[in-house]
Protein chains: 2
Amino acid sequence: MEFQKALELFKKNNETMGAYGHAMGVMYYDMDTVAPKNAFKGFGKTIGILSEIQYRLSVNDENFEIIDTLMAHKDELDFITRREVEEAAHDLDMMRKIPIEEYTAYRVLLTEAREKWLEAKATNNYELFEPVLAQIVDYNRRIAGYIDPSVSPYDFWLNEFERGASVKMLDEYFAKVKDALVPLIHSIKEKGDVIDTSFAELSYPLEGQRKFSDYLMKVLTINKDDCSIGETEHPFTTHFNKHDVRITTHYHDSVTNNMYSVIHEGGHALYELNTGDDIIGSPLASGASTGIHESQSRLYENIIGRSEEFIELIFPKLKELFPEQLKDVSAHMFYLAVNKAQPSLIRIEADELTYSMHVLIRYELEKRLMDGSLSTKELPAEWNRLYKEYLGVDVPDDTHGCLQDSHWSSGTLGYFPSYSLGSAYGAQIVAHMKKELDIAALVKENKIGVIVEWLTEKIYKYGMLLRPDELIKNCCGEEFNPQYYVDYLTEKFKKIYNL
Amino acid sequence: MEFQKALELFKKNNETMGAYGHAMGVMYYDMDTVAPKNAFKGFGKTIGILSEIQYRLSVNDENFEIIDTLMAHKDELDFITRREVEEAAHDLDMMRKIPIEEYTAYRVLLTEAREKWLEAKATNNYELFEPVLAQIVDYNRRIAGYIDPSVSPYDFWLNEFERGASVKMLDEYFAKVKDALVPLIHSIKEKGDVIDTSFAELSYPLEGQRKFSDYLMKVLTINKDDCSIGETEHPFTTHFNKHDVRITTHYHDSVTNNMYSVIHEGGHALYELNTGDDIIGSPLASGASTGIHESQSRLYENIIGRSEEFIELIFPKLKELFPEQLKDVSAHMFYLAVNKAQPSLIRIEADELTYSMHVLIRYELEKRLMDGSLSTKELPAEWNRLYKEYLGVDVPDDTHGCLQDSHWSSGTLGYFPSYSLGSAYGAQIVAHMKKELDIAALVKENKIGVIVEWLTEKIYKYGMLLRPDELIKNCCGEEFNPQYYVDYLTEKFKKIYNL
């Protein structure tokens, strides 16, 4: 195939694939947010048909020829197109190797899995979800085997979500984090229950919480014309382009759950809202990796959102919306409450310090599900055992145990570790940002936009043009180093607990 | 092409086209309900790409051969498939004749038109919308000309929305309705302002109104697992299959706007929710025509929803939700208030008696826009003149005038008359239903489900298997006769106003 012809077809194909991705993305969003419950059957059928069309559009001889031609002429391509071609070659290599029947059947299974998980969680009935989860694990193993039989299935998926990650790397990473944090968690536990959180656990009316969400979006400098906020069981962020980002939240009685969901998802949204205009419409107009994405959500959620300056900034608004609940509460008391370190059951409600232990448990379980040393039937018991061992908590039921997260029901195994890696990236990024910006002052003065701009220049604008390791280097001038994370947590929590 | 091969390809094609229709339908719904404002650009691009793909899937030599083959073997097809083939042949004939560039450009234009209309209505700025409307009229004329140059463009579109309708037929129909109703409206006007509606115009809190919507859905026997309720500027109903129907409403200060939006859209929804199981997944699983659809929405809204028995049924709930607003109000007073006949500005808020005058005005304007005797620039003045002449009201601004409805912005000219025809069908259907059911007693006893079942047997289950005229004959045992409508209104309003 002629180079120019290949280039033209490649661009056209990107547009078409983008349209399918957009349409199916909106359908998933709709299904998760506003669709009536019984819509799921028709939804699954349509997703099945469109996925198959998308697959055939991608996996065919002409497309192989297009990609092969362009890969052979890589040096003649501009930087953006070259990166598009490289990513397409990577994806196509995957798609080429998965039989279409399995691919389509798997997509249909995932629709069913989401329904089953929602029902299982609502009724505390793991048995309802277990057979589907077993199939998902099996699909994940088989698919990994089709694509790269030279590595273990879990290594394959870890590397898919975060290039460079592996069982070896994560075993070492988690060992380091565990060694540093467990003694700290232990010291804090010995101090006893010194932080009052009773006011945070009161009932905060829904209407006020919704208003507070809108306020937080403004503080984060998120334009509502570009980013909506919906409500789902499990909060998430999705995007179709930089002018169409969707975050969701879940309202509990306590105000802090929703507050930190909005800030966390808002961090994901800020990343997508600020990709460069030069990659609008490109498949590269998306975050570089799940780890880098989580670095941003957790940076806003924890490093900024749980700083004393941030609480001082937003506290007047909280008082205005919930005068009764907060009548005897100061900003400092609120700051301490949202930073209370206490082993708990639910990952997304976990404090900043113990959070990585939740991730570690999931990492260990996934590793064993994937290598076959743990069955899905044994999962709940093992989940509960590890929660007792690492966090000292008793899991009362599967709804508050192994059914709490949506990830496995959506087919992702190997994603959880990126949450913890993200926190570590975030701490490193902020350590370097501090050399150029007075972060505390900016937050205090409601100028988070300046921080967003800095991150846009260093990270957001690149989309997927740079890989995770290149971004860290570009931003920090050095390789990834988890020491910043350990230091940050140690300093912060020693101060809070006077250790 | 061999018959069996053609049949197989036809079924497969229906599935694929259904998937595209479903995905784009969800995208439109999303755009109209929850998408952030700036999503419209990416939305328009994707809709453009998918429409073109859908068009090419439909308009190609193989598909022509499939349809031609099946039409030649019509007698060998089962009833459902034969009707599917007939409808496909009709649609394909249209698609074959529209140049693809025009078709795609028109779809993209409609996305822009919706945005412009929303903004024009919000800011009372018709000039913003006028150039787009001019293009829409032009497209409608050209498209009609491509398909059937032997009839006038407006006749073409009237017949598309309601097979059998034409300028000649509607000129006669509206003359008959006008002759009967104008004297009645005149007599009522002479009686003066005898019905108190002040309590209906109070402010009814949103939270209570949302609860009341849920209650109304239950009374109408709509299962929320199959049908959601959203919020939009202009209420509408859409459906993707009988287990995924969406209605929307708009909350005003007064409780009656939303109340009758929900019942009206609920009527559309009941039709779609009760199509036969034998046509699930078929392109025929949809209402027979806009006129028949409107006959159902307006039957529930007016003939049932504005009957004294219905008000008696729902009034306790209203009192419970709005005790303050309704503290000195009886069910009979509420019944009179929702039946007050008074010429007004807004079609969807118009009373049952004057409603057809609003439709008549739109019919006359559309007719002249389409035959070129009225320009889009002249439209607002002419709109205002006709409102003064037929209804005696002064239009204060275009937001409350020619910008009030979404129809033209979504490209439909020729649709409005079906609203009035629908009312006339509805009156005839109910007149025949009364021979078999005690409608008043059923409504009083909260057994609207029995009425829904009767209509399901006579109309809903058929979807598009029968055409409008066949359905009326099937249901009533006679041809369409507008006399029932005139008689029903005359009797009802003479009683209410003691004439």
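The values are calculated or read from the model by the stated rules, or taken from the named source; none is laboratory data. In this text, all values refer to a predicted model and were calculated from it rather than measured experimentally. Glycine also receives a Cβ, built like all others from the backbone with ideal geometry; neighbour counts cover every protein chain displayed. Accessible surface is based on the protein model in full, side chains and every heavy atom, while ligands, DNA and RNA are left aside. Shrake-Rupley method; radii C 1.70, N 1.55, O 1.52, S 1.80 Å.
Please report Rg (one decimal) and Dmax (integer) in Å for the Cα set of chain B.
Just the Cα atoms of chain B yield Rg and Dmax of 22.7, 74 Å.
Can you pull a Stokes-Einstein diffusion coefficient for region A:445-499 at 10 °C (1.306 mPa s), Rh from Kirkwood over Cα pairs, as a whole number of µm²/s?
The calculation lands on 119 µm²/s.
Kirkwood Rh and Cα-based Rg: tell me the resulting Rg over Rh for region B:12-123, rounded to two decimals.
Rounded to two decimals, Rg over Rh is 1.08.
Ranking request for peptides A:260-270, A:99-109, B:484-494, A:183-193: highest mean number of other beta-carbon atoms within 10 Å first, then the rest in descending order.
In decreasing order of mean packing, A:260-270, A:99-109, B:484-494, A:183-193 become A:260-270, B:484-494, A:99-109, A:183-193.
Antiparallel as a % of all DSSP beta bridges within chain B, to the nearest 5?
Of those bridges, close to 45 percent are antiparallel.
Need one value for B:10-23: mean number of C-beta atoms belonging to other chains within 10 Å of its residues' C-beta atoms.
4
How much length would be gained if the chain were fully extended between A:H252 and A:N474, taking 0.36 nm per residue of separation minus their Cα-Cα distance, in nm to one decimal?
The span from A:H252 to A:N474 would gain 76.0 nm if fully extended.
With a Förster radius of 25 Å, plug the Cβ-Cβ distance of A:E190 and A:D328 into 1/(1 + (r/R0)^6) and report the FRET value to the nearest 0.05.
So, using R0 = 25 Å, E works out to roughly 0.30.
Full-extension gain between B:D371 and B:K211, please, as 0.36 nm times their residue separation minus the C-alpha to C-alpha distance.
52.9 nm
Below 14 angstrom from the Cβ of A:H358, what's the summed charge of the other residues (Lys, Arg +1; Asp, Glu -1)?
Cβ neighbours under 14 Å give a net charge of -3.
With everything on Cα atoms, drop me the angle between helix B:3-33 and the longest principal axis of chain B, reported from 0 to 90° to the nearest 10.
In chain B, helix B:3-33 runs at an angle near 40 degrees to the longest axis.
Just name one of B:L321, B:S410, B:S373: the one whose Cα is farthest towards the positive end of the charge dipole of region B:311-458 (beta-carbon charges, Lys/Arg +1, Asp/Glu -1).
Checking the options against the dipole of region B:311-458, the answer is B:L321.
For the rotation taking A to B, I'd like to know which residue in chain A has the C-beta closest to the axis, plus that distance in Å.
Of all Cβ atoms in A, the one closest to the rotation axis yields A:A23, 2.
So if I take the centroid of the Cα atoms in region A:172-226 and the same for region A:62-132, what is the distance between those two points in Å?
Region A:172-226 and region A:62-132 have Cα centres spaced 34 Å from each other.
Please work out how much length the chain gains when fully extended from B:K434 to B:L202, using 0.36 nm per residue of separation minus the C-alpha to C-alpha distance, in nm with one decimal.
Stretched fully, the B:K434-B:L202 segment lengthens by 79.9 nm.
I'd like to know how region B:123-164 sits against the 2.2 N^0.38 Å rule of thumb: what's its Cα Rg over that expected value?
The reported ratio for this selection is 1.44.
Can you list, shortest first in nanometers, how far A:G145 lies from the same residue in the other copies, with each label 7 Å from Cα toward Cβ?
6.4
Equivalent ellipsoid semi-axes for the protein assembly as shown, as square roots of 5 times the alpha carbon gyration tensor eigenvalues: give them largest first, rounded to whole Å.
54, 36, 27
Size of the dipole of region B:34-126 about the Cα centre, Lys and Arg at +1 and Asp and Glu at -1 on the beta carbon, nothing else charged, in debye to 20?
Here region B:34-126 has a charge dipole of around 860 debye.
Filter the GluC sites (Glu not before Pro) in region A:269-376 to those in DSSP coil with at most 10 other Cβ atoms within 10 Å of their Cβ, and list the result.
For GluC sites (Glu not before Pro) across region A:269-376 that sit outside H, G, I, E and B with at most 10 neighbouring Cβ atoms in 10 Å, the list reads A:E324.
Inter-copy label distances at B:G281, 7 Å along the Cα→beta-carbon direction, one decimal in nm, shortest first?
3.8
As a test question: what accessible area, to the nearest 10 Å², does B:S406 have when a 1.4 Å probe is rolled over all protein chains in place?
Roughly 10 Å² of B:S406 is accessible to a 1.4 Å probe.
Toward the positive end of the charge dipole of region A:442-499, about the Cα centre and with charges on Cβ (Lys, Arg +1; Asp, Glu -1), which of A:I496, A:Q483, A:I472 goes farthest?
The one lying farthest along the dipole's positive direction is A:I496.
Using the Cα atoms of region B:163-275, I'd like the radius of gyration and the largest Cα-Cα distance, Dmax, both in angstrom.
Cα radius of gyration and Dmax of region B:163-275 are 18.4, 49 Å respectively.
For region B:139-229, give the magnitude of the charge dipole about the Cα centre (Cβ charges: +1 Lys/Arg, -1 Asp/Glu; no others), in debye to the nearest 20.
It works out to roughly 100 debye.
Are any of the pairs B:K176/B:K435; A:K218/B:K37; A:K189/A:K434; B:K168/B:K388 more than 23 Å apart by Cα-Cα distance, and if so, which?
B:K176/B:K435; A:K189/A:K434; B:K168/B:K388
Scale the Cα Rg of region B:209-272 by the rule-of-thumb value 2.2 N^0.38 Å and send over the ratio, two decimals.
0.99
How shielded is B:43-56 by partner chains, expressed as the average number of their Cβ atoms within 10 Å of its Cβ atoms?
The per-residue average across the peptide is 4.
Using the Cα gyration tensor of region A:255-377, with a ≥ b ≥ c the square roots of its eigenvalues, what is the shape: rounded (a/c below 1.5), prolate (a/b larger than b/c) or oblate (neither)?
Note, shape of region A:255-377 comes out oblate.
Evaluate the charge dipole of chain B about its Cα centre and quote only its size in Debye, nearest 20, assuming +1 on the Cβ of each Lys and Arg and -1 on the Cβ of each Asp and Glu.
600 debye
Given A:V108, A:H90, A:M71, which one lies farthest toward the positive end of the charge dipole of region A:1-111, if we put +1 on the Cβ of every Lys and Arg and -1 on the Cβ of every Asp and Glu?
A:V108
Using helices alone, what [θ] at 222 nm do you get for chain A, with -39,500 (n - 2.57) per DSSP H run of 4 or more residues, divided over all residues and rounded to the nearest 500?
Theoretical 222 nm ellipticity from helices: -20500 deg cm²/dmol.
Copy-to-copy spacing for B:D225, label 7 Å out on the Cα-to-C-beta vector, in nm, shortest first?
Once sorted, the set of distances for B:D225 reads 4.2 nm.
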